[in-house]
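Only one structure is covered here, and it is reproduced in the block below.
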Amino acid sequence: MLKWLLIVGLALVALIVLVAVVGYFLPQNHVASRSARYGATPEAVFGVISDVASAASWRSDVRQIEMLPLVEGRVRFREVGGSGAITMEIVEVSRPTRLVTRIADPEQPFGGTWTFELAPDGDGTRLTITERGEVYNVIFRTLGRFVFGHTSTMDAYLKALGRKFGQEVTPT
């Protein structure tokens, strides 16, 4: 019995070391984009995505939004969800075509920006989110690349936004 416990323990340590080594050789930075089309005007879509205080009402991955004091004139907020709390800030607003948010939480093992670009698409709007991410922890880097994927959070966001507009969307 003790022999099997030792073997299992060593196998777990070896797996963690392997995951860390793989992460060490992966780039810290990545860029990923996803988009979806909505049957609403750019102004309507922009109105929803820029109203960060109301995001918990339509995003199932967010339980609560805490609005924080402005910092150098920038809107700051904390998203509280299943993975904990993340402090964010809006760093650029060009209504109704562009919004840029940034992770403003140095305690996270990751960071980066999301750039929301809205363009008319027929009688609706195409929203493209581009993530310029940084993953500092080598284990998170491996998991993000091979287990969760760099686009899973964007896909969830775009689908939730579709539900907000009463639509089912498929991110591409």
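Residue-level analysis places Asp105 outside the set of residues that are more than 17 Å from Val52 (Cβ to Cβ) and in contact (Cβ under 8 Å) with a residue 12 or more places away in the chain.
Please verify whether Arg59 is assigned to a loop (DSSP other than H, G, I, E, B) and touching a helix residue (DSSP H, G or I) at 6+ places or on another chain (Cβ under 6 Å), treating the condition exactly as stated. Outline the logic, then answer.
Details: assigned to a loop (DSSP other than H, G, I, E, B): yes; touching a helix residue (DSSP H, G or I) at 6+ places or on another chain (Cβ under 6 Å): yes.
For Arg59, the condition - assigned to a loop (DSSP other than H, G, I, E, B) and touching a helix residue (DSSP H, G or I) at 6+ places or on another chain (Cβ under 6 Å) - is met.
Close Cβ contacts (under 7 Å, 6 or more residues apart or on different chains) running from residues in the range 127-150 that are among the charged types (D, E, K, R) to residues that are at pLDDT 90 or above and assigned to a helix (DSSP H, G or I) comprise Glu131/Met154. Of the residues in the range 118-151, how many are under 22 Å from Trp58 (Cβ atoms) and of a type in the set (Lys, Arg)? Residues flagged as under 22 Å from Trp58 (Cβ atoms) and of a type in the set (Lys, Arg) within the range 118-151 amount to 1. Pairs are defined by a Cβ separation below 7 Å, a sequence spacing of at least 6 or placement on different chains, a first member in the range 15-27 that is in contact (Cβ under 8 Å) with a residue 24 or more places away in the chain, and a second member that is among the polar types (S, T, N, Q) and part of a helix (DSSP H, G or I); the pairs so defined are Val19/Thr142; Val22/Thr142; Gly23/Thr142; Leu26/Thr142.
Of all residue pairs spaced 6 or more apart or on separate chains, those with beta-carbon atoms under 6 Å, a first member in the range 152-172 that is more than 15 Å from Trp58 (Cβ to Cβ) and a second member that is assigned to a helix (DSSP H, G or I) and of a type in the set (D, E, K, R) are Pro171/Asp155. With respect to being surrounded by 14 or more Cβ atoms within 10 Å (Cβ to Cβ) and assigned to a loop (DSSP other than H, G, I, E, B), Ala32 falls outside the description. A single member of Glu89, Glu66, Glu131 is crowded, with 17+ Cβ neighbours inside 10 Å, over 17 Å from Arg34 (Cα atoms) and either of a type in the set (D, E, K, R) or over 14 Å from the mean Cα position of the chain (by Cα) (or both), and it is Glu89.
Every residue, every condition in (1) surrounded by 14 or more Cβ atoms within 10 Å (Cβ to Cβ); (2) under 16 Å from Met154 (Cβ atoms); (3) in contact with a Gly (Cβ under 7 Å, 6 or more places away or on another chain), yes or no:
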| residue | (1), (2), (3) |
| --- | --- |
| Val19 | yes, no, no |
| Arg59 | yes, yes, no |
| Arg78 | yes, no, no |
| Phe110 | yes, yes, yes |
| Gly122 | no, no, no |
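Exactly one residue among Tyr24, Tyr38 is in contact with a helix residue (DSSP H, G or I) (Cβ under 6 Å, 6 or more places away or on another chain) and within 21 Å of Arg141 (Cα to Cα), and that residue is Tyr24.
For the range 57-66, give me each residue that is in contact (Cβ under 8 Å) with a residue 12 or more places away in the chain and not β-branched (Val, Ile, Thr). Write out each step before concluding.
Step one: list which residues in the range 57-66 are in contact (Cβ under 8 Å) with a residue 12 or more places away in the chain, which gives 58-66.
Those that are in contact (Cβ under 8 Å) with a residue 12 or more places away in the chain and not β-branched (Val, Ile, Thr): Trp58, Arg59, Ser60, Asp61, Arg63, Gln64, Glu66.
Looking at Leu18, Leu12, can you tell me which residue is in a helix (DSSP H, G or I), of a type outside the set (Val, Ile, Thr) and either within 23 Å of the chain's Cα centre (by Cα) or under 26 Å from Glu134 (Cβ atoms) (or both)?
Numbers: Leu12 fails: either within 23 Å of the chain's Cα centre (by Cα) or under 26 Å from Glu134 (Cβ atoms) (or both).
Result: Leu18 is the single residue among Leu18, Leu12 that is in a helix (DSSP H, G or I), of a type outside the set (Val, Ile, Thr) and either within 23 Å of the chain's Cα centre (by Cα) or under 26 Å from Glu134 (Cβ atoms) (or both).
Can you spot a residue in the range 37-58 that is under 17 Å from the mean Cα position of the chain (by Cα) and aromatic (Phe, Trp, Tyr)? Yes, some residue in the range 37-58 is under 17 Å from the mean Cα position of the chain (by Cα) and aromatic (Phe, Trp, Tyr).
The values are calculated or read from the model by the stated rules, or taken from the named source; none is laboratory data. For clarity, every value in this text was computed on a predicted model and none was experimentally measured. Note that we place each Cβ from the backbone using ideal geometry, even for glycine, and neighbour counts take in every protein chain shown.
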